[in-house]
């Protein structure tokens, strides 16, 4: 996996972001990691930075239950972003919720690429990145036809 990534952590609990940062740095030392405890700031960052057609792919790990605006509100706002942003940014819900209704709601959202339980692990982040790479390789092959 030689591609560079920018990981965006959106979780109101700073300790969860710290643990995720540790896992990400160990597995992808050359990638950027940006943390937000305020989802509104995360939305602003994505809108301002993920519109570029460059070699960096943005992977957002989003918590669901947060004060002020939660993950569902975040996804509602993200829905209004342009298609280029959505192409450059993959969203994975990373939650402590074991409620099946939450996982069903997340995976039914067309802007969510996956749902996983906290904490982030080496196995989980590597599976996410592999899934993104496979999707990009498939899209590349389909565009050549």
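The values are calculated or read from the model by the stated rules, or taken from the named source; none is laboratory data. Please read these numbers as outputs of a predicted model, since none were measured by experiment. Virtual Cβ from ideal backbone geometry, glycine too; neighbours counted across all protein chains shown.
General remarks:
- Within the stretch 9-38, considering residues that are part of a helix (DSSP H, G or I) and touching a residue at least 40 places away in the same chain (Cβ under 8 Å), the one surrounded by the fewest Cβ atoms within 10 Å (Cβ to Cβ): 26
- Qualifying residue in the stretch 39-46 (condition: assigned to a loop (DSSP other than H, G, I, E, B) and in contact with a helix residue (DSSP H, G or I) (Cβ under 9 Å, 6 or more places away or on another chain)): no
- When the residues of the stretch 87-105 are filtered to those that are outside any strand (DSSP E or B) and either in contact with a helix residue (DSSP H, G or I) (Cβ under 8 Å, 6 or more places away or on another chain) or in contact (Cβ under 8 Å) with a residue 60 or more places away in the chain (or both), the one that is nearest to residue 57 (Cα to Cα) is 105.
- Top-ranked residue in the stretch 50-78 [being touching a residue at least 24 places away in the same chain (Cβ under 8 Å) and in a helix (DSSP H, G or I); ranked as surrounded by the most Cβ atoms within 10 Å (Cβ to Cβ)]: 71
- Where a residue in the stretch 118-145 is farther than 21 Å from residue 96 by Cα and its partner, wherever it lies, is surrounded by 15 or more Cβ atoms within 10 Å (Cβ to Cβ) and at pLDDT below 95, with Cβ under 8 Å and at least six apart: 132/57; 136/57
- Extreme residue, surrounded by the fewest Cβ atoms within 10 Å (Cβ to Cβ), among residues of the stretch 115-145 that are in a loop (DSSP other than H, G, I, E, B) and at pLDDT 90 or above: 119
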